[in-house]
Structure formats: C-alpha cells, structure tokens
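Read the figures in this text as sums done on the coordinates, not as results from a lab. Remember, predicted model here, so these are calculated numbers, not experimental data. Here the Cβ positions follow ideal geometry from the backbone for every residue, glycine too, while neighbour counts run over all protein chains shown.
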Amino acid sequence: MSRDGEARAVRPTTVVFDLGNVLLHWDRSAAYRSLLADEAEIARFLETVVPLDWHRQLDGGRNWEEALGERIALYPHHEALIRRYRTGFSDTIPHAIEGTVMILEGLAAAGIPLYGLTNFPTEVYDETRERFGFFRHFRGVVVSGYEKMMKPDPAIFRLLADRYAIRPGESVFIDDLADNVEAARACGFIGIRFTSPEALAADLSRLGLPVGR
C-alpha cells in the first residue's frame with residue numbers, strides 16, 4: 001500500500017523530490033545566530049521583519065532587491081539584518097539530509113529517473129545547486145522562483161509533467177508539507193509526505209522501489 005492508501009500493482013517508474021527539509025536542511029534562524037542575542041530575539045525578528053509570507057514572495061519569483069527594499073523601508077533601523085537575509089542565505093541551508101541523499105543515490109544507481117520540484121527563490125537556487133553534489137542525479141528540476149508559480153498550485157505540477165514527459169500515475173512525489181502532497185495527489189501523482197529518511201525508505205520499499213539502505 002502506498003502512503004495515500006492506494007493499492008498499486010505496477011511499480012512506479014519515476015520519483016520527484018522536494019528539496020527543503022527533504023533533501024536539504026533549511027533553518028531560517030541560522031542566518032542570524034551570530035548576530036542576535038538568542039533564539040527568542042531571532043524568532044521575533046523573523047516573524048515581524050522578514051515573515052514567511054514575505055519569503056514566499058521570493059519563492060514566487062519576486063526580485064530580491066525589490067523585496068529587500070520593501071522591508072528596509074518599513075524597518076530602516078534593521079537594514080543590515082534585512083540584507084543579511086540575502087547575503088547569509090547559504091547559512092540557512094547548512095547541510096544535506098544525508099539519509100534522504102542515500103535514498104536518492106540508491107534510486108539513481110538503480111536507473112530510476114529522478115526529478116526535483118521546489119519552492120525556491122531565484123539566484124540562491126543556483127548557488128545551492130553548486131554546493132551539493134546530489135543535484136547531478138536529477139534529470140530536471142522545476143524551480144518556483146524561475147517559473148513564477150509555486151506549490152501547491154496545480155499548474156506547477158502540470159508544468160513538471162509536461163516539460164519532462166512524466167506520467168503522474170507512475171510517479172512518486174515526496175514533500176514535507178501536507179498541502180503540497182495533497183495537491184500532487186489531486187494531479188495524479190503518488191504522494192508521500194516526508195517525515196524522516198527511515199519512513200521514506202519504508203514507503204518507497206512498499207511501492208516496490210529499490211532503496212539501498
């Protein structure tokens with residue numbers, strides 16, 4: 001049985017991975033730990049000055065300078081910290097999630113076609129791709145910032161399928177967010193919500209995919 005409860009007689013042929021908190025550890029606080037006094041102060045800054053709703057505009061393709069300028073105009077006394085959101089973005093992705101990378105590498109070694117579908121801002125996606133070797137295993141990645149559409153919009157799932165000739169009914173989609181998994185299922189994908197590498201390995205094994213762990 002797959003995670004969404006559907007019995008499947010045919011093994012999936014393709015796997016699509018989200019990036020943040022599936023393959024890459026993402027922690028917005030990390031950019032500010034050397035600059036602000038404690039976790040509570042960091043949390044207040046993130047919630048008030050550079051909130052997630054604002055970050056999602058970057059995921060959707062908003063220009064960095066325009067987005068930063070908007071927040072600086074609202075909080076001019078925090079200009080240096082706001083600019084740190086861009087200059088320190090690499091600090092928010094300190095490492096890959098090695099257990100998931102091992103799963104991806106096992107699938108790649110078995111010849112399973114692998115793709116990525118990620119909500120990610122422009123510019124920093126390219127910088128991140130250069131840092132992590134596992135990107136070489138992807139046959140293609142759809143990045144929200146460049147497409148100016150985001151998960152869970154069904155349009156980005158259709159774009160992925162059309163661009164790479166992916167058959168959703170034969171493809172697994174893995175994401176840590178329930179809304180994105182549900183959107184993928186509504187578009188015909190086999191959805192798995194990521195909670196840990198161990199749970200993912202078990203889910204993929206149940207679907208008949210080779211998991212080299």
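On the basis of the beta-carbon distance and an R0 of 22 Å, D153 and N63 show a calculated FRET efficiency of 0.65. Taking only alpha carbon atoms, the range 89-210 gives an Rg to Rh ratio of 0.93, where Rh is the Kirkwood radius. Extending 7 Å from Cα along the Cβ direction at T87 and again at R206 yields two label points whose distance is 4.8 nm. Multiplying the residue separation of H77 and Y164 by 0.36 nm and removing their Cα-Cα distance gives an extension gain of 26.7 nm. In order along the range 188-200, the phi-based Karplus estimate (6.51 cos²θ - 1.76 cosθ + 1.60, θ = phi - 60°) of 3J(HN,Hα) comes to x, 6, 8, x, 10, 8, 7, 10, 6, x, 5, 5, 4 Hz; Gly and Pro are listed as x.
Only sites in a loop by DSSP and with at most 14 other Cβ atoms within 10 Å count here; which trypsin sites (Lys or Arg not before Pro) in the range 119-177 make the cut? The partial results should precede the final answer.
On the way: sites: R129, R131, R136, R139, K148, R158, R163; in loops: R139, K148.
Those satisfying the criteria are R139, K148.
Taking every C-alpha pair closer than 8 Å and separated by at least 6 residues, the mean separation divided by the residue count of the range 28-92 gives a relative contact order of 45 percent. The separation of the range 99-141 from the range 15-59, counted between C-alpha centres, amounts to 21 Å. Here the Karplus relation 6.51 cos²θ - 1.76 cosθ + 1.60, evaluated at θ = phi - 60°, turns the backbone of the range 176-182 into coupling constants of 7, 9, 4, 4, 5, 5, 5 Hz, with x for every Gly and Pro.
Stokes-Einstein diffusion for the range 28-92 at 25 °C, viscosity 0.890 mPa s, with a Kirkwood radius from C-alpha pairs, works out to 207 µm²/s. Annotation: amide H of V142 within the under-5 Å range of G116, L117, T118, sequence separation 5 or more or interchain, hydrogens built in the peptide plane.
Helix 98-109 and the long axis of the chain differ in direction by around 40°, with both axes built from C-alpha atoms.
Residues considered: D53, D18, D203. Largest GNM mean-square fluctuation over the chain, using C-alpha springs under 10 Å, is found at D53.
A simple packing score, the average count of other Cβ atoms within 10 Å per residue, orders the peptides 42-48, 24-30, 181-187 as 181-187, 24-30, 42-48, with the highest score first. Placing +1 on the Cβ of every Lys and Arg and -1 on the Cβ of every Asp and Glu, with nothing else charged, gives the chain a dipole about its Cα centre of roughly 620 debye.
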